[in-house]
Amino acid sequence: MKKLIVRIAKFIFGKSNSSSMPRCFVLLFDIILVFLAVLFVLVLRFFPEMESRQISAYLYGSISLMIYFILAFVITGSYKGMVRYTGFQDIEKIVGVTIFVFLTLCVSKIIVIHVSALSCLSAYFLSYANVLLVCTMSLFFMMLSRLIVRRIYNEYLRPRPQVINAVIYGAGDAGIITLNAISQDNMNQYNVISFVDDSDSKIGKSINGIMVRRPDAVFNKKFIRLKNIDTVILAVPSLGIEKKQELLDRLLDTGLNVKSVPHTISWIENGDTENVKIEDIKIEDLLEREPIKLGNENVKRELEGKVVLVTGAAGSIGSEICRQVLHHNPKQLVMLDQAESPMYDLQFELNNEEPYKHIPVPKEYVIGNVKDAVKMEEVFVKYRPQVIYHAAAYKHVPLMESFPYEAVFVNVFGTKNIADLAIKYDAEKFVMISTDKAVNPTNVMGATKRIAEIYTQSRNSATKFVTTRFGNVLGSNGSVIPLFKKQLAHGGPLTVTSRDIIRYFMTIPEACSLVLEAGAIGEDDDIFVFDMGKPVKIYDLASKMIKLSHVPNVQIEITGLRPGEKLYEELLATRENTIPTEHPKIMRAKVREYTEDEVNAEIKVLHEILPSCDDFMIVGQMKKIVPEFKSNNSVYQVLDSERGGVFSI
């Protein structure tokens with residue numbers, strides 16, 4: 001019987017599962033169903049005493065009904081839907097067609113009866129009762145046939161993905177919504193074996209016939225192997241960030257695929273299960289922190305109605321600053337970067353994508369390099385920026401260790417160019433994006449950022465100079481996570497410089513929102529430090545990414561510290577203290593003060609040495625300016641042993 005159904009269905013749908021029934025077939029099929037309804041009502045009304053005269057009159061009367069149905073099908077296009085995917089809108093259209101035919105037939109019959117010239121046509125119309133019965137049965141037949149075809153297709157012909165045995169962690173509302181969504185999904189690939197929950201009141205009970213078990217009863221090798229479980233779906237929206245991360249760590253240790261169901265709270269509130277999506281756990285979920293809540297009042301007051309310049313605008317930090325600045329209604333946003341392709345991408349995004357394309361803020365895109373003093377002056381003359389976010393910098397530690405000339409030229413003298421122009425053209429505020437590597441630097445890059453800090457903090461002017469320091473940002477250009485993803489895509493190994501190396505992490509939007517807030521509350525010479533949360537061991541991070549990827553036989557290779565790299569980064573130098581601000585995640589650093597004349601003298605020496613391109617002379621002068629600069633795993637360590645009696649600030 002099953003084989004016969006499959007053969008009939010394949011004849012209707014075609015040999016390919018992707019084929020659909022031709023529209024003319026659907027139209028013909030609906031016409032046949034209406035005619036069957038006519039015959040059904042005939043038998044219903046006149047059986048068993050059916051006379052040929054009655055049958056003939058009834059069939060003549062059904063001619064107008066058939067014509068009206070055919071016209072209605074053609075006009076409304078009700079036959080154009082794909083029968084196998086019949087949904088509520090298709091049924092709604094069929095109901096509308098039937099009601100339309102019934103009403104037009106009744107109106108037509110009334111006109112024929114009351115207009116003597118048309119009385120000859122009355123024989124071609126059924127009685128009102130018969131019209132109602134035929135329309136009702138036609139509607140029933142068309143709806144039933146579509147649902148049967150849909151069921152046959154889903155049961156016998158629809159391509160089925162490989163079934164995945166899964167457990168749902170969480171037997172609350174979110175878990176039930178997840179189960180319902182999985183059950184209603186025609187492309188469902190999950191077979192839910194069990195619910196898992198920590199609540200004693202739920203253990204041993206069942207939901208839709210699925211047992212609720214304790215975590216230790218499910219997450220053991222015996223049960224996983226017995227039930228062939230492949231995936232665990234996390235559906236516990238009430239979990240705090242720390243508990244969620246602890247749970248994810250435990251689940252990863254089981255070797256199962258771990259997935260989550262985001263936005264479950266909105267589903268619970270709205271009862272919306274149609275758009276439920278089960279997503280893979282990402283490494284960012286394992287580094288998640290409690291969200292930082294910022295009020296926009298300070299930033300809005302700082303930026304509204306002002307010309308804002310962002311240098312390094314096409315980079316990961318600069319571009320996010322641009323996105324956030326647009327929401328605070330500046331008079332104009334000027335974006336500067338020397339990289340043309342990333343700048344083109346940013347331009348396309350802000351001009352064409354939601355929500356930025358509708359924000360009525362004039363946007364200017366400028367290609368230029370901060371170390372080009374002539375070009376930078378042209379920018380300041382043309383746009384007269386009032387607030388400047390200086391994100392342009394070289395930041396790759398090992399690369400800059402090999403190219404001190406470029407690092408100093410861009411990070412120190414590029415910053416000097418922008419800072420000097422900010423003073424010259426009366427900018428209100430200059431916000432510099434610095435790094436945790438500027439604290440007790442062990443590499444050229446960190447030292448250049450520290451010198452840039454010292455230079456801007458020593459300016460005596462009406463322009464306020466504010467510095468912000470933070471650590472690594474997730475997903476930024478050159479960060480460790482994109483590197484690990486590339487290595488996993490190639491099958492490994494994942495390279496880690498040391499088992500003990502640790503870093504602080506923050507999301508890009510989070511870091512940039514703190515930059516804007518710190519810039520808004522900052523006064524002259526302020527250095528702000530962000531609460532970066534707990535440090536993360538890079539080796540542990542690599543291990544978790546391997547578990548999440550399920551790529552087999554991936555090893556972690558210890559390569560040794562790179563030039564200039566240190567095991568841990570600090571956010572504050574040893575002789576600095578922090579003062580709390582109005583925001584709990586932002587601290588003000590109490591820093592050493594430098595005189596403008598002293599700084600200018602040493603910067604002048606550095607500038608005079610720079611054209612020599614002598615790396616050791618350049619780095620030697622940097623160490624004079626930043627006495628805490630002690631090279632690590634670098635050729636410049638020899639300079640540390642030679643230093644003595646040098647100027648320090």
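Highest mean packing comes first when the peptides 407-420, 95-108 are listed by Cβ atoms within 10 Å, giving 407-420, 95-108.
With n ≥ 4 as the cut-off for DSSP H runs, can you work out [θ] at 222 nm for the chain, using -39500 (n - 2.57) per run divided by the number of residues, rounded to the nearest 500?
Values: 25 runs with 303 residues, N = 649.
Using -39500 (n - 2.57) per qualifying helix, the result is -14500 deg cm²/dmol.
Once you have the Kirkwood Rh of the chain from its Cα pairs, apply Stokes-Einstein at 37 °C and 0.692 mPa s and quote D in µm²/s. Approximately 106 µm²/s, per Stokes-Einstein. Taken along its principal axes, the alpha carbon cloud of region 283-389 reaches lengths of 45, 32, 26 Å, longest axis first. Here the Karplus relation 6.51 cos²θ - 1.76 cosθ + 1.60, evaluated at θ = phi - 60°, turns the backbone of region 389-401 into coupling constants of 10, 9, 10, 5, 5, 7, 9, 7, 4, x, 5, 5, 5 Hz, with x for every Gly and Pro.
Helix 52-76 and the long axis of the chain differ in direction by around 20°, with both axes built from C-alpha atoms. The long axis of helix 508-521 is offset from the longest Cα principal axis of the chain by roughly 60 degrees.
The simple spin-label model puts a point 7 Å past each Cα toward its Cβ; for I63 and S108 those points are separated by 1.2 nm.
Mind listing which GluC sites (Glu not before Pro) in region 391-493 are in a DSSP loop and have 15 or fewer other Cβ atoms within 10 Å? Let's see the in-between values first.
Details: sites: E401, E406, E428, E453; in loops: E428.
In loop regions of region 391-493 (DSSP not H, G, I, E or B), the sparsely surrounded GluC sites (Glu not before Pro) are E428.
With R₀ set to 56 Å, the beta-carbon distance separating I75 from I423 gives a calculated FRET efficiency near 0.15.
Peptides 358-365, 167-174 ranked from most to least packed, by the mean per-residue count of other Cβ atoms within 10 Å: 167-174, 358-365.
In this structure, the pairs whose alpha-carbon distance is over 32 Å, taken from K282/K566; K363/K547; K205/K485; K222/K486; K300/K534, are K363/K547; K205/K485; K222/K486.
With +1 on each Lys and Arg Cβ and -1 on each Asp and Glu Cβ, how big is the dipole of the chain about its Cα centre, in debye rounded to the nearest 20? All intermediate terms of the calculation are to be shown ahead of the outcome.
Details: 74 positive and 73 negative charges, 678 e Å.
The calculation lands at about 3260 debye.
Reported to the nearest whole Å, the Cα centre-to-centre distance from region 398-476 to region 371-397 is 12. Taking 0.36 nm per residue of separation and subtracting the Cα-Cα distance, full extension of the segment from A462 to L36 would add 144.3 nm. Amide H to amide H distances under 5 Å link A392 with T311, G312, where only residues 5 or more positions off or on other chains count and H is placed in the peptide plane. To the nearest ten degrees, helix 480-489 and the longest principal axis of the Cα atoms of the chain are 50 degrees apart.
No lab work stands behind these numbers, since they all come straight from the coordinates. Model, not experiment: these values are computed from the prediction. Positions of Cβ are backbone-derived with ideal geometry, glycine not excepted, and every protein chain shown enters the neighbour counts.
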